[in-house]
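Each reported figure results from applying straightforward, stated rules to the coordinates on display, with no laboratory input. Treat the numbers as computed from the prediction; the structure is a model and nothing was measured.
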């Protein structure tokens, strides 16, 4: 029996969003990266909050956690706003220079797990 066109379209609608989501496999979890710097850009939105962090002479792009998780752990948009000084700990991308997946964020000496 051949599947109907509607069934195929429904299946694609379910599979494509999952495929489009970035995978964490492209980050080197064998070496922890720790960066301290100033947030120069902040996007506190779903599916993941992100920041650009100036650390030394480089600007890093960092994936944080989904907003609901950050809020549940006490992190609000004001805490990760432009100008804030933070430390990010996580893993560098193996394919994109100056990109990391943050596992924790430290603000005013207080660490918060993001994963």
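The stretch between residue 71 and residue 54, if pulled fully straight at 0.36 nm per residue, gains 3.7 nm over its current Cα-Cα span. The value of relative contact order for the stretch 26-113, using C-alpha pairs under 8 Å at least six residues apart, is 33 percent. With coordinates expressed along the principal axes, the C-alpha atoms belonging to the stretch 26-113 extend over 29, 24, 22 Å, beginning with the largest. With distances taken between every two different alpha-carbon atoms, the stretch 43-85 has a Kirkwood hydrodynamic radius of 10.8 Å.
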